[in-house]
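These notes are about the structure you will find just below.
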Amino acid sequence: MQIRENVLLVVKTVSGILCMYVTMCGVNAAFGMDFRADTLLAMLYCLIPAGSIFIFALVKRPWPEIGLHFLLAVFYLMVHTALDWRTCAELGYCGTVGATVMDTALTRSNGSTFAVVLLSIAALMLGESRIKEPTHG
């Protein structure tokens, strides 16, 4: 039981660190983003990942946390892909839409958002298995 609790602590710690990283990616993007070209996409590109740490810190129930992190990851991937597609279309090096989505999904910031989802699921599974163990009275 002690090992499971330690693993749960490590999983939650790594998840929190990744949430801070994703949030910092959004904050960092806001300083270098040209908001004139596509204002709505640029604002979403900065604001969506910035919410990651707030979801981690404020949502304590596991299923809503997983759902919100998943929505954040999917919407961030969509917005990031749209910006990548706009850039490669302007410069003329786009392949297929699927290739652009995969290239975007494999970036560190997008990979981190999906890693947070997987770590949240792992934490849920570790937490549930801890509850199911019989108590010795």
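What follows is calculated from the coordinates using simple rules that are stated; it is not laboratory data. Predicted model only: the values in this text are computed from it and were never measured. With ideal geometry, Cβ positions are generated from the backbone for all residues, glycine too; neighbour counts draw on all protein chains shown.
Here's the picture: charge each Lys and Arg Cβ at +1 and each Asp and Glu Cβ at -1 in the chain, and of 121, 20, 89 the one pushed furthest to the positive end of that dipole is 121. Cysteines in the chain that lack a partner Cβ within the 4.7 Å cut-off: 19, 25, 46. Across 16, 92, 51, mean-square fluctuation computed from a Gaussian network of the chain (C-alpha pairs under 10 Å connected) peaks at 92.
Estimated from helical segments only, the mean residue ellipticity of the chain at 222 nm is -28500 deg cm²/dmol, where each DSSP H run of four or more residues counts as -39500 (n - 2.57).
Dipole size of the chain about its Cα centre, with +1 on Lys/Arg Cβ and -1 on Asp/Glu Cβ: approximately 400 debye, rounded to the nearest 20. Rg over Rh for the chain works out to 1.10, both radii taken from alpha-carbon positions and Rh defined as the Kirkwood radius.
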